[in-house]
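One structure is given here, and the rest of the page talks about it.
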Amino acid sequence: MVKFVVFLCGVGYLVMVGLRYMRILNGRDQTKVSDEREIAQREKHFCQVLGIQGKVTSEQIKKAYRKRIAEYHPDKVQNMAPEIRKLAERRTAELTEAYAFMKEKHQIS
């Protein structure tokens with residue numbers, strides 16, 4: 001009788017550990033899906049920032065970045081009002097972040 005009780009406790013423990021492990025796996029799978037969605041949303045946002053759409057190539061990304069950065073570079077507005085300079089700096093930072101993300105995603109050197 002004692003062996004049977006010990007056996008049941010052991011089986012109960014294994015079931016409990018197995019259920020906990022399954023919950024962890026399910027949680028990780030959901031995290032992975034949400035991470036993929038977040039990456040897709042960021043890519044879509046950064047494509048809009050760079051002014052590109054559809055399937056993009058590394059050349060399109062480089063060309064769009066160079067074109068946009070030329071428009072918003074802070075050196076072009078250094079003689080203007082401080083608000084415009086700050087706006088240009090923010091826009092340049094956003095373009096640089098978008099280019100860095102796209103560069104990493106599309107493995108551009």
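The values are calculated or read from the model by the stated rules, or taken from the named source; none is laboratory data. Quantities reported herein were computed from a predicted structural model and do not represent experimental measurements. Neighbour counts are summed over all protein chains in view; Cβ atoms, including those assigned to glycine, are modelled from backbone coordinates with ideal geometry.
Inside region 58-95, can you point out the residues that are free of Cβ contacts under 8 Å to residues at least 12 places away in the same chain and within 24 Å of Glu43 (Cβ to Cβ)?
As a first pass, look at region 58-95 and keep what is free of Cβ contacts under 8 Å to residues at least 12 places away in the same chain: 59-60, 63, 66, 70-71, 75, 77-87, 90, 93.
Result: Glu59, Gln60, Lys63, Arg66, Ala70, Glu71, Arg90, Ala93.
Among the residues of region 35-54, just one is crowded, with 16+ Cβ neighbours inside 10 Å and part of a loop (DSSP other than H, G, I, E, B), namely Ile52. Of the residues making up region 36-60, those that are within 13 Å of Thr96 (Cβ to Cβ) and either in contact with a Phe, Trp or Tyr (Cβ under 8 Å, 6 or more places away or on another chain) or modelled with pLDDT under 90 (or both) are Phe46, Leu50. For region 55-109, the candidate set comprises residues that are of a type in the set (S, T, N, Q) and outside any helix (DSSP H, G or I); within that set, the residue that is surrounded by the fewest Cβ atoms within 10 Å (Cβ to Cβ) is Ser109.
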